[in-house]
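What follows is a short report on a single structure.
Bear in mind these aren't lab numbers, they're just calculated from the coordinates by the rules spelled out. Predicted, not measured: the structure shown is a model, and the values here were computed from it. Every residue, glycine among them, receives a Cβ derived from its backbone with ideal geometry; neighbour counts consider all protein chains shown.
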Amino acid sequence: MTTSTIILGVCLGLVAGVMSGLLGVGGGILFVPLLVALGLGQVEAAATSLLAIIPTAAVGAMRQSRYGNLRVRPALVIGVASIVGVEVGVRIATSVPEHVLRRLFGVLLIAVAVQVAWRARASKESYPRPK
């Protein structure tokens with residue numbers, strides 16, 4: 001990777017993070033396509049996106065713990081289930097051709113776009129219109 005690729009990646013990551021926060025979707029929905037555009041394969045992009053979640057989750061858990069909002073037992077159950085899910089996902093993803101993974105991810109992106117549009121429409125309908 002060149003310096004310009006790293007700078008571009010950091011800038012795109014910042015934009016994707018802000019957009020995911022504004023749209024209320026997980027950052028991976030935006031990060032994975034950006035990483036693929038930067039030259040990573042689908043499996044590597046997904047793995048990199050998952051790795052990027054670890055510091056975010058750790059900082060979030062520490063901050064929420066200070067407020068007394070962290071429930072350790074459910075967090076451990078979710079953490080262990082996530083590790084198992086990642087292992088199963090890796091085994092499946094590495095056995096599926098790259099073009100199939102990209103198409104499946106495209107279907108996921110369409111489903112997320114529909115969900116975001118649906119939520120936006122539903123929240124718009126829940127507010128009374130001014131007369």
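Each residue in R73, R102 was given a count of other beta-carbon atoms within 10 angstrom of its own, and listing them fewest first yields R73, R102.
Taking the chain as a Gaussian network of alpha-carbon nodes connected by springs under 10 Å, the highest mean-square fluctuation of the residues T48, T94, T56 belongs to T56.
With contributions of -39500 (n - 2.57) from each DSSP H run of at least four residues, the per-residue ellipticity at 222 nm computed over the chain stands at -28500 deg cm²/dmol.
Once you compute Rg and the Kirkwood Rh from C-alpha atoms, what is the Rg to Rh ratio for the chain? Looking at the chain, the ratio lands at 1.03. Here the peptides 30-43, 57-70 are ranked by packing, the mean other Cβ count within 10 Å, and the order with the highest first is 30-43, 57-70. Here the Debye sum runs over all C-alpha atoms of region 60-110 as equal scatterers in vacuum, and log10 of I(q)/I(0) at q = 0.12, 0.21 Å⁻¹ comes out as -0.48, -0.79.
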